[in-house]
1. Full-extension gain between residue 81 and residue 25, please, as 0.36 nm times their residue separation minus the C-alpha to C-alpha distance.
2. For residue 92 and residue 3 in the same chain, what is the full-extension length gain: residue separation times 0.36 nm, less their Cα-Cα distance, in nm?
3. Can you sort 6, 28 from fewest to most other Cβ atoms within 10 Å of each residue's own Cβ?
4. Inverting the mean 1/r over all pairs of different Cα atoms, compute the Kirkwood radius of the chain and quote it in Å.
5. Looking at the chain, send over the antiparallel percent of its DSSP beta bridges, to the nearest 5.
6. What fraction of the Cα pairs in region 49-96, stated in percent, has a spacing above 15 angstrom?
7. Region 31-58 to region 3-25: how many Å between their Cα centroids?
C-alpha cells in the first residue's frame, strides 16, 4: 500500500488491477498539504511542486487496491512550464482510495 500525491488522475491509465472500486471525496488545501508531507510525489507540474515544496516527478504511476491518492487539480487552461503558477489559477483537491 502506498500514498501518493499527483497533479493528474486517470483511473484507466494508472490502476493496474482488473477489478477495483474508487472512493473519492473533495478535501481542503490544508488537508492536501498535510497528506503531501508523507506521500510519494508524482506532481507533474513544476509550479504546483514549487508551491507545495514537493518533488517534480512525471514518472508513470501504477496503482493497486489499497493505495491512497491525493490529487491537486489545476483549473484555468494551459499553464507555463517555467515553475510559476499564475495568480488567477484555481486549484481543487481530492482524496481517492483504490479498493478491491
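Every number in this text was worked out from the coordinates using simple rules, so none of it is lab data. Computed from a predicted structure; not experimentally measured. Cβ placement follows ideal geometry from the backbone for every residue including glycine, while neighbour counts extend to all protein chains displayed.
1. On the way: separation 56, 0.36 × 56 = 20.16 nm, distance 2.85 nm.
Here the segment from residue 81 to residue 25 would lengthen by 17.3 nm.
2. Values: separation 89, 0.36 × 89 = 32.04 nm, distance 1.85 nm.
This chain segment gains 30.2 nm when fully extended.
3. Values: 6 24, 28 10.
Least crowded to most crowded, the residues run 28, 6.
4. Numbers: mean 1/r = 0.0725 Å⁻¹.
Hydrodynamic radius (Kirkwood, Cα only) of the chain equals 13.8 Å.
5. Working: 15 of 24 bridges.
Rounded to the nearest five, the antiparallel share is 60 percent.
6. Numbers: 659 of 1128 pairs.
For region 49-96, the share of Cα pairs beyond 15 Å comes to 58 percent.
7. Their Cα centres are 17 Å away from one another.
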